[in-house]
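Quick notes on the structure that follows.
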């Protein structure tokens, strides 16, 4: 199926002149991109439609709030387009384009003209990974790696497979939601997966479905073909105000994903990214929504963890009572913090780790 990508608001016949004006104004700061397939999934009669909110700019994005690098990725960038935050995992930013641009994106800086963090030439990153035998996982992201031509992608995957100590290659993508035909109609891509995803060295597809309505028959067909080719599919997404901040919506998302063989991996707390205030759900509210959603799903779907991807590590939100918030370092840059539980004063307005007041665990008495 032919999919057309759209970057100019005047080509959006579904929108009135005022909405087009807003898109033009916002896109001068934060890039706009959608496509004809994804547009068919939106209820254009509903200004608050969840999928519309994912890709159509809103004026609130111009509000001054947050940082362009909220997780301080620059601090663990070790070479051109290569990040090394956790001992066993390296990240390669292989491009700076996606099938559409999510309005809440935490890496929107990559889509700005003056940014050059991502690179089509990843030789420096490959050299770094080759020199660090502790790296067993490599994540390809950006941008969306599946925007790249299949021949280019084959070369990247082949080069990584030539590094003996790398066992897992992850491909972070939202193309299964934005343009599933990129996968289902590309036999060469599926052959690449089949060739390089082996019993002891798998390729993981880190999908990005935000809402149950993105899991269409076309998306399911793409996921099915990836699994048949030997990939392992999982999903991760943020908690987004106005999109999936509802326990029944989350439960439906988690259930459907488990049914199609693409279980949820992480649910991320929205990062304090510049322009994203209107998308962020307070942490306490998010915790209770998350826990409520798990009442409606099976154990296979309950493996998801609710985390913040903070500069210091992936911090799991594991509990809230009348007085306190409990956080645990699920992953950490500092090995001494790994697995540590931290106690904070409950703050129903806080949306990020740095807004919380740390307390001492030793004085806490568990309340039933």
Looking across the stretch 42-58 at residues that are under 20 Å from the mean Cα position of the chain (by Cα) and within 20 Å of residue 180 (Cβ to Cβ), the single one that is surrounded by the fewest Cβ atoms within 10 Å (Cβ to Cβ) is 51
Out of (1) at pLDDT 95 or above; (2) in a helix (DSSP H, G or I); (3) out of contact with any helix residue (DSSP H, G or I) (no Cβ under 9 Å at 6 or more places or on another chain); (4) under 21 Å from residue 208 (Cα atoms), what's the single condition that is false for residue 18? (4)
So, in the stretch 1-15, how many residues would count as being under 27 Å from residue 115 (Cα atoms) and either touching a helix residue (DSSP H, G or I) at 6+ places or on another chain (Cβ under 6 Å) or part of a helix (DSSP H, G or I) (or both)? 4
For the stretch 185-200, enumerate the residues that are more than 13 Å from residue 150 (Cα to Cα) and in contact with a helix residue (DSSP H, G or I) (Cβ under 7 Å, 6 or more places away or on another chain). 196
Condition met for residue 219 (buried (at least 23 other Cβ atoms within 10 Å of the Cβ), touching a helix residue (DSSP H, G or I) at 6+ places or on another chain (Cβ under 6 Å) and assigned to a helix (DSSP H, G or I)): yes
Filter result for the condition that a residue is exposed (fewer than 15 other Cβ atoms within 10 Å of the Cβ) and either within 30 Å of residue 58 (Cβ to Cβ) or in contact with a helix residue (DSSP H, G or I) (Cβ under 6 Å, 6 or more places away or on another chain) (or both), over 354, 322: 354
Residue count, the stretch 103-117 (criterion: farther than 23 Å from residue 58 by Cβ and touching a residue at least 12 places away in the same chain (Cβ under 8 Å)): 1
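Which ones in the stretch 162-196 are part of a helix (DSSP H, G or I) and over 24 Å from the mean Cα position of the chain (by Cα)?
Selection gives 187, 188, 191, 194, 195.
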Output yes when any residue across the stretch 131-140 is part of a strand (DSSP E or B) and buried (at least 20 other Cβ atoms within 10 Å of the Cβ), and no when none is. yes
Tell me, yes or no, whether the stretch 197-212 has at least one residue that is assigned to a helix (DSSP H, G or I), in contact with a strand residue (DSSP E or B) (Cβ under 8 Å, 6 or more places away or on another chain) and over 30 Å from residue 52 (Cβ atoms). no
Yes or no: residue 255 out of contact with any strand residue (DSSP E or B) (no Cβ under 6 Å at 6 or more places or on another chain), in a helix (DSSP H, G or I) and surrounded by 17 or more Cβ atoms within 10 Å (Cβ to Cβ)? yes
For the stretch 3-24, which positions are loosely packed, with under 11 Cβ neighbours inside 10 Å and either under 21 Å from residue 111 (Cβ atoms) or within 26 Å of the chain's Cα centre (by Cα) (or both)? 4
Looking only at the stretch 26-50, filter to residues that are touching a helix residue (DSSP H, G or I) at 6+ places or on another chain (Cβ under 6 Å) and not in a loop (DSSP other than H, G, I, E, B); which one of those is nearest to residue 215 (Cα to Cα)? 38
Determine the pairs where a residue that is on the phi > 0 side of the Ramachandran plot, located within the stretch 227-240, has a partner that is surrounded by fewer than 19 Cβ atoms within 10 Å (Cβ to Cβ) and part of a strand (DSSP E or B) with Cβ atoms under 9 Å apart, the partner being 6 or more residues away or on another chain. 230/198
Any chance the stretch 84-102 includes a residue that's more than 21 Å from residue 148 (Cα to Cα), touching a helix residue (DSSP H, G or I) at 6+ places or on another chain (Cβ under 6 Å), touching a residue at least 60 places away in the same chain (Cβ under 8 Å) and not in a loop (DSSP other than H, G, I, E, B)? yes
Complete set of residues in the stretch 301-318 that are in a strand (DSSP E or B), touching a helix residue (DSSP H, G or I) at 6+ places or on another chain (Cβ under 8 Å) and farther than 11 Å from residue 267 by Cβ: 310, 313, 315
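The values are calculated or read from the model by the stated rules, or taken from the named source; none is laboratory data. Everything numeric here is computed off the predicted structure, so don't read it as measured data. Here the Cβ is made from the backbone with ideal geometry for all residues, glycine too, and neighbour counts use every protein chain on show.
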